[in-house]
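J.: Just dropping this structure here.
Every number here is computed from the coordinates shown, using simple stated rules; none is lab data. What you see is a predicted model; the values in this text were computed from it and never measured. Here Cβ is always computed from backbone atoms with ideal geometry, including for glycine, and neighbour counts include all displayed protein chains.
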Amino acid sequence: MAAVTDDKKVSDLMKETKPGFFSFEYFPPKTADGVTNLKKRMSRMKALNPLFMDFTWGAGGSTSDLTLDLTAACKNEFGVVANMHLTCTNQTASLAEEALNKCKAVGVRNIVALRGDAPRGMDKWEAVEGGFTCALDLVKMIREKYGDYFTVSVAGYPEGHPDAIEQVEGGLDVLTEAERRRCRTFIDEEGKEVLMVCRDAKFAEEMTYLKAKIDAGSDFIITQMFLDVQVFHDFVKSCREYGINVPIIPGIMCLTGYGGFQRMTALCKTRLPAGMAEAAKAASTSDDDFKQWGIDMGTEMCRNLLDSGVLGLHFYTLNLEKVVVGTLKNLGLISEEQAAGCQAGDVDAKSMVSAQGITTGAKIGTDDQKVSDLMKTSPPGFFFVRILSSQDRRWSYKSEETHVAHEGPWSTFHGFHLGCGWLNIRFDH
Ligand SMILES: Cc1cc2nc3c(=O)[nH]c(=O)nc-3n(C[C@H](O)[C@H](O)[C@H](O)COP(=O)(O)OP(=O)(O)OC[C@H]3O[C@@H](n4cnc5c(N)ncnc54)[C@H](O)[C@@H]3O)c2cc1C
């Protein structure tokens, strides 16, 4: 087997490359077909010459092996500089180290150090025993144990982290000028205008914490998606005022479908510039119409950012290529020929779900059976199973009827015959 060489570090490349580079983020697909499609897409998108490609770490560490495999394939099969996300959710310090050792073994040298979101179904983020409490802990560990082997990047939030954004009563009048520039307003289902913002005091805490992540040894910042460029410019100004002098790379969300647009902006509590919500709705007449709107919007935003002197653009591709390719072509960052080589098979990835729970639009698989229909056709005595956690490897339950405890490895879980009622099944390591 050929010796594995070390990858280039993104922090070094940023110094050598002229401004105007771009990079692509992908998430690990859920199915084997999805992985095959993604690899084909990566192979086509490689021809666009991104500075690097990066791969998300599934919520709660759910895709760790696949994330590692895709990152290694990116570097060693496709010859593209690879950047891997690593989160602290459900992650002990030793598991994080294991993942970093695997990266080192395959020569991957670029890591995005993140806390991660709470696993699906859990409201609040909690550290596991022997785990990290925030991204800062992870950055510190990487520098302590691996010196400068890795380029480490971290997340930055131009509007404030969603957990730090609160609903405010009293309208815009109660906000400061800075708050007014980053607040989100929208009309709720009852027709009431809702105002949400990261208040100045909270924003100051966010900036102090971000500075600590940088001081601990992070090389650059990738931002959360934003749709109002003014919010990004204000954020960069604040960073510089707080003494954060590393490159800040804007994260550009590719607007590929109206449903995704609504879900993502609600999830991230993103500020929409005046008229954008209405324009997005008007563009939702067809998939193609919306994508064309996404390309036009993306082009306008990126042009503004490049004119302001950003070093590069990091595209959240959602594993699709049409919007990112259209945007890069409009910006003159790729040629007509490069764009043409990339447009095949956009439909392949429509049913993918990202690490952050963002779906790209179409549904996965066939329609399910309706419980109401099943109730009419099943004999009395059926039961439901409520799965408490699907990530661990053992199940156990105590029958509410007989009070007998049962447990076993997942491979032996074939179902139960207990009569009516709910079963709370627990899966343990
Ligand atoms: C570029 C980017 C990539 C992402 N990739 C992934 C991914 O691959 N997988 C995934 O699951 N999620 C991903 N996410 C989502 C991310 O995991 C969540 O936003 C998560 O809630 C926070 O992660 P973080 O690294 O920003 O956390 P942290 O930097 O730890 O911060 C989280 C929040 O807590 C506050 N905080 C934490 N510690 C302190 C402290 N000591 N003092 C004051 N405030 C503190 C911060 O200010 C911030 O508000 C990504 C987000 C971005 C922007």
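J.: Tell me, what ³J(HN,Hα) does each residue in region 303-318 have, in order and in whole Hz, if you take phi through Karplus 6.51 cos²θ - 1.76 cosθ + 1.60 with θ = phi - 60° and put x for Gly and Pro?
T.: Rounded to whole hertz, the list is 4, 4, 5, 5, 4, 7, x, 4, 6, x, 10, 10, 8, 7, 6, 6.
J.: Still on this structure, please answer the following. Just order 172-178, 135-141 by mean Cβ neighbour count inside 10 Å, highest at the front, would you?
T.: In descending order of packing, they fall as 135-141, 172-178.
J.: For the pairs 202/269; 124/269; 8/75; 18/140; 8/40, flag any whose C-alpha to C-alpha distance is greater than 20 Å.
T.: Result: 18/140; 8/40 exceed 20 Å.
J.: Continuing with the same structure: List the aspartates and glutamates whose alpha-carbon lies under 14 Å from that of residue 145, not counting same-chain residues fewer than 8 positions away?
T.: 97, 98, 137
J.: Still on this model: Express in whole angstrom the spacing between the alpha-carbon centres of region 173-244 and region 1-78.
T.: Cα centres, region 173-244 to region 1-78: 29 Å.
J.: Right, next: Report the calculated FRET efficiency for residue 43 and residue 373 (r = Cβ-Cβ distance, R0 = 41 Å), to the nearest 0.05.
T.: Efficiency, from the Cβ-Cβ distance: 0.40.
J.: Need one word for region 187-343: rounded, prolate or oblate. Basis is the Cα gyration tensor (sqrt eigenvalues a ≥ b ≥ c); a/c below 1.5 gives rounded, then a/b vs b/c decides. Write out the running numbers ahead of the final one.
T.: On the way: a/c = 2.33, a/b = 1.22, b/c = 1.91.
Taking the square roots of the gyration eigenvalues as a ≥ b ≥ c, region 187-343 is oblate.
J.: Next question, about the same structure. Among the listed pairs 102/329; 15/46; 39/104; 9/39, which are separated by more than 28 Å between their Cα atoms?
T.: Pairs exceeding the cut-off: 102/329.
J.: In what sequence, highest mean first, do 32-42, 17-27 appear when ranked by Cβ atoms within 10 angstrom?
T.: Details: 32-42: 16.7, 17-27: 20.0.
Ranked by mean Cβ neighbours within 10 Å, highest first: 17-27, 32-42.
J.: Now for a different question. For residue 5 and residue 144, what is the calculated FRET efficiency with R₀ set at 25 Å and r taken between the beta-carbons, to the nearest 0.05?
T.: After rounding, the FRET efficiency stands at 0.50.
J.: Once the piece of chain linking residue 308 and residue 281 is laid out straight, how much longer is it, given 0.36 nm per residue of separation minus the C-alpha distance between them?
T.: This chain segment gains 6.8 nm when fully extended.
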